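Report on one structure; see the data block that follows.
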Amino acid sequence: MAPAKPRADRWLWYASRTHRGVPLNPATYPSIIFDGQPRPFPDWVCKAPDGGLHVNHRVGRIDVEVAESPSSRIEFSWTHDYGVKIVARSWLSEIEDLIDPNRIFVGEVRRSGRSLDRWATIHEQYAPPLLSSDGRGKVCPICGDCYMTLWGRLYFPDPRVVGLPLIVNRNGVFVRDDLARERNLRRPSGAFKPTRVRFSRTTPPPVYRDGALPKGGSNGPSLKSIVRLFTKR
Ligand SMILES: [Zn+2]
């Protein structure tokens, strides 16, 4: 029997399990009031018309200034605020060859102006969003960042993800399943046991079709328009 053809449309999803991110150093950034509190406002952050602050979807490399070093026991963390992925170089070296430098950028983690060489940020410009069958989503009309609560079946709707060896978005780092298995990729400390997510052309459930998305804080784009946005860039 012929060996099964490797599937290029599924990925192992690595997400941080730590509750406590690495704090940005507020002294090194301009400040903005959000929810009555001052927050650092780096130039890689976008402010949506509804006030929501998030990593600008258009930026590439992100260097961060942190107030304290990441825990040496955790290889997979994030910045508080904004959830920029921080990975230990020890784990990054296992997937670094999968990085397409035109899409995915590795940046510095700095403290007191000095680079912490055991750590790096990893960020994808115009990252494809992970969607869910029963979640609610919104898209920033300024930068196109897609935020969605994950509930139900998870999938990548953008057909251009097929074949990508590595994806990095707000939800985590995704390594193509066949490649992860080939290299026996280990789970970084501080990450959940990876689950598998796939590309799917599935039509969104009716509640998310045009005009039916809940209004409110969001500007109300439907899942269909979200998908359109990411497939006609
Ligand atoms: Zn934005």
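Bear in mind these aren't lab numbers, they're just calculated from the coordinates by the rules spelled out. These figures come from a predicted structure and were not determined experimentally. Glycine gets a Cβ as well: all are built from the backbone with ideal geometry, and neighbour counts include every protein chain shown.
A few remarks follow.
- Pick from the range 7-34, criterion over 27 Å from GLY190 (Cβ atoms) and not hydrophobic (A, V, I, L, M, F, W, C), ranking: farthest from the ligand (Cβ to nearest atom): ARG7
- Among the residues of the range 60-93, those identified as within 16 Å of the ligand (Cβ to nearest atom), under 17 Å from ALA127 (Cβ atoms) and either surrounded by 18 or more Cβ atoms within 10 Å (Cβ to Cβ) or without any contact (Cβ under 8 Å) to a residue 12 or more places away in the chain (or both) are ILE62, TYR82, VAL84.
- The lone criterion from (1) in a strand (DSSP E or B); (2) buried (at least 16 other Cβ atoms within 10 Å of the Cβ) left unmet by SER115 is number (2).
- Looking across the range 133-145, just one residue is acidic (Asp, Glu) and within 16 Å of the ligand (Cβ to nearest atom), and that is ASP145.
- Qualifying residue in the range 146-157 (condition: of a type in the set (Gly, Ala, Ser), more than 13 Å from the ligand (Cβ to nearest atom) and surrounded by fewer than 21 Cβ atoms within 10 Å (Cβ to Cβ)): yes
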